[in-house]
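J.: One structure, pasted below without further comment.
Any read-out appearing in this document is the output of simple, stated calculations on the displayed coordinates, not a laboratory observation. Predicted model only: the values in this text are computed from it and were never measured. Every residue, glycine as well, gets a Cβ built from its backbone with ideal geometry; the counts of neighbours run over all protein chains shown.
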Amino acid sequence: MKKLLFGAMLLALGISVPIPTMAGVEVRIGIPLPPPIVFRAPPDVVLLPHTGVYVAPDVAVDFFFFDGWWWRPWEGRWYRSRNYRSGWGYYNGVPSFYGRVPSGWRDDYRNNRWNGREWNHQRLSHSELQKIHQRAVQKKSKQPQVKRQKDKPQPQAVRSQPQVRKQQEQRREVDRPQQARPQQRERSAPQHSQSPHGGSEGRK
């Protein structure tokens, strides 16, 4: 009887300890993706002034386009995708552009006002947005080439150094005779000592 009770206690103890804990297995919970948004047509966007951020005012939830990505928050997390319809992935953190987006941008859009001033916003289609983004990408790709050209030494400046040295040597050659002329005059002039009577000894 005692053996049966002891075996039952061991069995109960084994059941109470989770198997993953005993085996040292780490269990990870996947981050859920936001529900898809159904679009009848590609969304039109509006550029928020002085932010570089595009918003989709016709979408019920916050829906942004920035730096080639579509962005949307959901349940305290951020997600982004290259395609506005699918392909969403979790973004760890808050995107940097969100700090420039005011919380009441929808009211500003409806009232055509921005920071207390009139805002004549312009709606852009999806194709127009893609063209603007492609031009921005091409502009960024050309910037390093322009910087490299500025950093290259100018060949004209290198070639002019011998010419400058030659001009300096010519100036020195011209200045030397002018400095020697007063010395030659002093040597050629005869030296006469004056007598106490006012005349020169050489005349005597």
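J.: Looking at the range 51-129, which GluC sites (Glu not before Pro) are in a loop (DSSP not H, G, I, E or B) and have at most 16 other Cβ atoms within 10 Å?
T.: Glu75
J.: Right, another one. Output the relative contact order of the range 45-140, whole-number percent, from Cα pairs under 8 angstrom with separation of 6+ residues.
T.: The normalised contact order for the range 45-140 reaches 22 percent.
J.: Here's another thing I want to ask about it. Under the rule of at least 5 residues apart or a separate chain, name every residue whose amide H is placed under 5 Å from the amide H of Trp74.
T.: Under 5 Å from the amide H of Trp74 lie the amide H atoms of Tyr79, each far enough along the sequence or on another chain.
J.: Further, regarding this structure: When a footprinting reagent is the concern and you count Cβ atoms within 10 Å, what order do Val38, Val46, Val94 take, fewest first?
T.: The order, fewest Cβ neighbours first, is Val38, Val94, Val46.
J.: Moving to a separate point now. Name the residue farthest towards the positive end of the dipole of the range 45-140 from the options Phe63, Ile132, Asn112, assuming +1 on Cβ of Lys and Arg, -1 on Cβ of Asp and Glu, about the Cα centre.
T.: My answer, from the dipole projection, is Ile132.
J.: Can you sort Ser86, Ser103 from fewest to most other Cβ atoms within 10 Å of each residue's own Cβ?
T.: Listing Ser86, Ser103 from fewest to most nearby Cβ atoms yields Ser103, Ser86.
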